[in-house]
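Any read-out appearing in this document is the output of simple, stated calculations on the displayed coordinates, not a laboratory observation. Owing to the predicted nature of the structure, the values given are computational and were not obtained by experimental measurement. Cβ atoms come from the backbone with ideal geometry, glycine included; neighbour counts cover every protein chain shown.
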Amino acid sequence: MDLKSKIRAVENFPKEGISFKDITTLLMDGEAYDYVIDQCIELTKDIEYDVIVGPEARGFLIAAPMSVKTKKGFIPVRKPGKLPAETVSYEYDLEYGSDVLEIHKDAIKPGTKVLIADDLLATGGTVKAVTELIESLGGEVVGLVFLMELTELKGRDLLGDKVVKTILEYDI
């Protein structure tokens, strides 16, 4: 399946010079969306994990369906103030500022093997923050899977020796 043809490029969004990869057009195609989830599962079939973590917001669109299909738990990572119980947070830098992510303090037990699933690996800042949150609770990130990777931004360099799988690569 030609997945790149299902993803719309929006030029100069969210700022001048950025070619934003809009997956909403892919999500509208049920067959393509299902194919993406199946591919993510296939790419990670040799990784032993207990739960899938998805960062807000588009990571939910990859991680939650994977969770349902694999019958593994899903744990959301959110922006501040969105989770109702006690949380731990992590502040990190972005290309154009900083952000904070949170996870429920009791979401990850020590020794839990975690697969992180998201739509995009760009600079790696968000997924590095998610990794730090998981590890601060005693979890072990055993793999990461993404629909897309912007290879020129070298986001995987931030992830050390972690297993990283992607379906599509873009050279921006």
Scan the range 71-103 for GluC sites (Glu not before Pro) in coil per DSSP, keeping those whose Cβ has at most 11 other Cβ atoms within 10 Å, and list them by number. GLU86, GLU95
Compare the Cα positions of LEU115, PRO76, ALA64 along the charge dipole of the range 48-170 (+1 at Cβ of Lys, Arg; -1 at Cβ of Asp, Glu; about the Cα centre) and return the one farthest towards the positive end. ALA64
What is the dipole size for the range 100-172, taken about its Cα centre, with +1 at each Lys and Arg Cβ and -1 at each Asp and Glu Cβ, in debye to the nearest 20? 260
Only Cα pairs within less than 10 Å get springs; with that Gaussian network setup on the chain, which residue of LEU94, LEU61, LEU26 has the largest fluctuation? LEU94
Dipole size in debye (nearest 20) for the range 72-132 around its Cα centre, Lys and Arg Cβ +1, Asp and Glu Cβ -1? 360
So I have [x] 229; [y] 96; [z] 115, and one of them is volume of the Cα convex hull per residue in Å³ calculated from this model. Which one is it? [z]
Set of lysines with alpha-carbon distance to LYS113 below 20 Å, sequence-local pairs under 8 removed: LYS45, LYS69, LYS71, LYS72, LYS105, LYS128, LYS162, LYS165
If a paramagnetic tag sat 7 Å from the Cα of LYS109 along the Cα-Cβ line, which residues of the range 136-151 would have the backbone N under 13 Å from that point? 139
Cut-off 10 angstrom, C-alpha nodes, Gaussian network model of the chain. Which of THR24, THR123, THR44 fluctuates the most? THR24
Global geometry of the range 89-136, whether rounded, prolate or oblate, following the gyration tensor of its Cα atoms and the 1.5 cut on a/c: oblate
Starting from 0.36 nm per residue, how many nanometres of slack lie between LYS69 and SER19 once their C-alpha separation is accounted for? 14.8 nm
Measuring from its Cα centre, the range 48-170 shows a charge dipole (+1 at each Lys and Arg Cβ, -1 at each Asp and Glu Cβ) which, in debye to the nearest 20, is 520
The range 149-172 to the range 36-82: how many Å between their Cα centroids? 18
